[in-house]
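Enquirer: Dropping a structure here in structure tokens format, bear with me for questions.
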Amino acid sequence: MKVLKFGGTSVGSAERIKNLVPLIHSPEPKIIVLSAMSGTTNKLVEIAQSLYAGENEKAKALIDALEKHYQAVIRELYKKEEYYTQAKELLRTHFDYLHAFRMDMFTANEEKAILAQGELLSTAMLHYHLSEQGISSVLLPALSFMRIGEDEEPDLKYIETNIRAELGKYPKANLFITQGYICRNAFGEIDNLKRGGSDYTATLIGAAIRSEEIQIWTDIDGMHNNDPRIVDKTHPVTELSFDEAAELAYFGAKILHPTCVLPAQQRRIPVRLLNTMQPEARGTLISETISGQRFTAVAAKDGITAIKIKSGRMLLAYGFLRAVFEVFERYKTPIDMITTSEVAVSVTIDQVKNLDAIIRELEEIASVEVDKDLSIVCIVGSFAADREGSALKIFESLRSIPIRMISYGGSEYNVSILVKSEHKKETLMALNKGLF
Ligand code: ADP
Ligand code: ASP
Ligand code: MG
């Protein structure tokens, strides 16, 4: 069974939803994972924010505007009265649900319930559209099998057991549709896999059912060698290893959710990135095969904070680094980059919720300097030690750019550099010119 995930743009209008039919209608068994229609989750975030702020009228206006948009979509999508009526009832249910939050106190859990509405709508809308075309499909409720544990990480065992049980109810079906992004948490409440999380849903399902292939259908013809939103003349990379793809996703290539590669990698399931607007394009195949190219692609991640921890006697005092890392562990704050010298260690983080407390504790053992508004630029390729000249080529390209940190040698396929965010664009452009 294959897993095919379609992102927000791929279900972004009535026409786009109609265009999915030829891509998913074949005898081959498959599970379709859908995002919300593009723009919907952002609107739901806005609605939740206004409810938080107690701006009831604003929330009402936003909900009404979103409903109008969906009404226009269903008018275009369904031809037969029966299906149109069914879709109208669907909208009524979900929009009444949203309005109900205006009547009462608003909490964080309720925000998650609001954010879940987009995927619940898009999947039901496709399901009805297929029925209207005479194509039978089964709507699988993600909230009955997708779950994160207390650590907020997906609980693969639970997902595996429960999705198998759900699929087992329909032994004759070959087309399943389910919601990306949404899940339940350890307390059974509605939660989600963070923004862009539908990719993660797809790879988790793929891993859980040991799928033969996971396809991520989006609005571009695969992983490009550089960020196409920032740099001109980028091109798709036809093959990537799991490690390379994981680095690019984690360090900012928006086409993939930051941690979605891992479930596929663990079970060695190939992932194909494909373009809904150009289905015949080759796209990118992510597998165990190492491309072997010296420079494969670059990506950048913003919102990085660097912390320099200085202790004159650091090297003499073994156990110092452990004491430093324990502070980050206590505050459940992952470190992305590390560089050391004899007198100092610099680390970067992107979760700053506990930054003040972290600094306070670090100041008990060392002096601390903090730098904000930084970006990590990650260069992915094959940098085995016997491959001469890679570093030279990178640094020659970056001749005119001030670099704050460099990480080289952590793995054979990643070089990361830290720059001020204001220099990100010229860094990506300079690398495009110098490396590709
Ligand atoms: P979806 O809604 O289908 O999940 P996303 O917007 O999340 O789509 O991801 C696709 C977008 O990612 C592309 O339109 C492109 O602008 C952006 N992107 C950023 N970096 C890259 C990259 N290296 N390769 C391809 N796309 C990228
Ligand atoms: N709809 C969610 C979002 O916009 C999940 C996704 O599209 O992957 O973040
Ligand atoms: Mg996405």
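The values are calculated or read from the model by the stated rules, or taken from the named source; none is laboratory data. Everything numeric here is computed off the predicted structure, so don't read it as measured data. Neighbour counts are summed over all protein chains in view; Cβ atoms, including those assigned to glycine, are modelled from backbone coordinates with ideal geometry. Quick note on the areas: whole protein, heavy atoms, side chains included, nothing else; ligands and nucleic acids left out. Shrake-Rupley method; radii C 1.70, N 1.55, O 1.52, S 1.80 Å.
Enquirer: Please tell me if T296 is of a type in the set (V, I, T) and surrounded by fewer than 18 Cβ atoms within 10 Å (Cβ to Cβ).
Expert: Working: of a type in the set (V, I, T): yes; surrounded by fewer than 18 Cβ atoms within 10 Å (Cβ to Cβ): no.
No, not satisfied.
Enquirer: So how many residues does region 174-219 have that are in contact with a Ser or Thr (Cβ under 6 Å, 6 or more places away or on another chain), within 12 Å of ligand 1 (Cβ to nearest atom) and among the polar types (S, T, N, Q)?
Expert: Let us first name the residues in region 174-219 that are in contact with a Ser or Thr (Cβ under 6 Å, 6 or more places away or on another chain), namely 175, 177, 179-181, 198, 214, 217, 219.
Filter again for within 12 Å of ligand 1 (Cβ to nearest atom), leaving 180-181, 198, 217, 219.
Pick out the ones that are also among the polar types (S, T, N, Q) and you get 198.
Qualifying residue count for the region: 1.
Enquirer: Collect the residues in region 13-72 that are in a loop (DSSP other than H, G, I, E, B), within 25 Å of T276 (Cβ to Cβ) and out of contact with any helix residue (DSSP H, G or I) (no Cβ under 9 Å at 6 or more places or on another chain), keeping them in residue-number order.
Expert: S26, P27, E28, P29 - these are the residues of region 13-72 that are in a loop (DSSP other than H, G, I, E, B), within 25 Å of T276 (Cβ to Cβ) and out of contact with any helix residue (DSSP H, G or I) (no Cβ under 9 Å at 6 or more places or on another chain).
Enquirer: Here is a list of conditions, (1) assigned by TED's automatic domain parsing to the domain that holds L418; (2) within 15 Å of ligand 1 (Cβ to nearest atom); (3) in contact with an Asp or Glu (Cβ under 6 Å, 6 or more places away or on another chain); (4) not aliphatic (A, V, I, L, M), and P236 meets all of them except one; can you say which number that is?
Expert: (1)
Enquirer: Shifting gears a bit: Looking only at region 371-391, which residues are loosely packed, with under 15 Cβ neighbours inside 10 Å and either at pLDDT 90 or above or over 16 Å from Y408 (Cα atoms) (or both)?
Expert: Matches in region 371-391: K372, D373.
Enquirer: For region 90-98, indicate whether the set of residues that are within 18 Å of A61 (Cβ to Cβ), in the same structural domain as C183 (by TED's automatic domain parsing) and open to solvent by 40 Å² or more (accessible area, probe 1.4 Å) is non-empty.
Expert: Kept after step one, since they are within 18 Å of A61 (Cβ to Cβ), are these residues of region 90-98: 91, 94-98.
Checking the rest, the ones that are also in the same structural domain as C183 (by TED's automatic domain parsing) come to 91, 94-98.
Imposing the further condition that a residue be open to solvent by 40 Å² or more (accessible area, probe 1.4 Å) reduces the set to 96-97.
Yes, region 90-98 contains a residue that is within 18 Å of A61 (Cβ to Cβ), in the same structural domain as C183 (by TED's automatic domain parsing) and open to solvent by 40 Å² or more (accessible area, probe 1.4 Å).
Enquirer: Now, a different point. Among the residues of region 392-405, count how many are within 31 Å of the chain's Cα centre (by Cα) and open to solvent by 40 Å² or more (accessible area, probe 1.4 Å). I'd like the intermediate steps shown before the answer.
Expert: First pass over region 392-405, keeping only residues within 31 Å of the chain's Cα centre (by Cα): 393-395, 397-398, 401-405.
So of that shortlist, the ones also open to solvent by 40 Å² or more (accessible area, probe 1.4 Å) come out as 393, 395, 402-404.
Selection size over region 392-405: 5.
Enquirer: Okay, moving on. Name the strands (runs of 3 or more DSSP E) wholly within region 165-262 that hold at least 3 residues that are open to solvent by 10 Å² or more (accessible area, probe 1.4 Å)?
Expert: 190-192, 214-218
Enquirer: Go through region 104-152 and report how many residues are of a type in the set (F, W, Y) and open to solvent by 10 Å² or more (accessible area, probe 1.4 Å). Write out each step before concluding.
Expert: Step one: filter region 104-152 for residues of a type in the set (F, W, Y), giving 106, 128, 145.
Applying the additional criterion that residues be open to solvent by 10 Å² or more (accessible area, probe 1.4 Å) yields 106, 128.
So the answer is 2.
Enquirer: A further question follows. Take region 406-436 and flag every residue that is part of a strand (DSSP E or B) and open to solvent by 70 Å² or more (accessible area, probe 1.4 Å).
Expert: Residues satisfying the conditions are I406, Y408, G410, K420.
Enquirer: Next up: For residues that are assigned to a helix (DSSP H, G or I) and under 22 Å from L44 (Cα atoms), tally how many sit in region 78-108. Lay out the reasoning, then the answer.
Expert: To start, the set of residues in region 78-108 that are assigned to a helix (DSSP H, G or I) comprises 81-103, 108.
Among the residues that remain, those that are also under 22 Å from L44 (Cα atoms) are: 87-103, 108.
Number of matching residues: 18.
Enquirer: Looking at (1) open to solvent by less than 10 Å² (accessible area, probe 1.4 Å); (2) in contact with a Gly (Cβ under 7 Å, 6 or more places away or on another chain), which is the only condition I309 fails?
Expert: Failing condition for I309: (2).
Enquirer: Looking at region 204-213, is at least one residue at positive phi and touching a strand residue (DSSP E or B) at 6+ places or on another chain (Cβ under 9 Å)? If you could, list the steps in order and put the result at the bottom.
Expert: Kept after step one, since they are at positive phi, are these residues of region 204-213: 210.
So of that shortlist, the ones also touching a strand residue (DSSP E or B) at 6+ places or on another chain (Cβ under 9 Å) come out as none.
No - not one qualifying residue is present in region 204-213.
Enquirer: While we're on this one: Going through region 272-307 one residue at a time, which ones are in contact (Cβ under 8 Å) with a residue 40 or more places away in the chain, more than 13 Å from A245 (Cα to Cα) and not in a strand (DSSP E or B)?
Expert: Selection gives T276, M277, Q278, P279, A281, R282, G283, G292, Q293, R294.
One line per residue, one yes/no per condition, for (1) open to solvent by 20 Å² or more (accessible area, probe 1.4 Å); (2) touching a Phe, Trp or Tyr at 6+ places or on another chain (Cβ under 8 Å); (3) under 26 Å from Y78 (Cβ atoms):
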| position | (1), (2), (3) |
| --- | --- |
| A14 | no, no, yes |
| I24 | no, no, yes |
| P27 | yes, no, yes |
| A53 | yes, no, no |
| K58 | yes, no, no |
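Enquirer: Are any residues in region 334-354 open to solvent by 70 Å² or more (accessible area, probe 1.4 Å) and within 12 Å of S416 (Cβ to Cβ), and if so, which ones?
Expert: I338
Enquirer: Hey, another quick one. Taking interchain pairs and intrachain pairs at least six residues apart, which have beta carbon atoms under 6 angstrom, with the first residue in region 226-243 and closer than 17 Å to N275 by Cα and the second within 16 Å of ligand 3 (Cβ to nearest atom) and open to solvent by 40 Å² or more (accessible area, probe 1.4 Å)?
Expert: So the pair list comes out as T234/P228.
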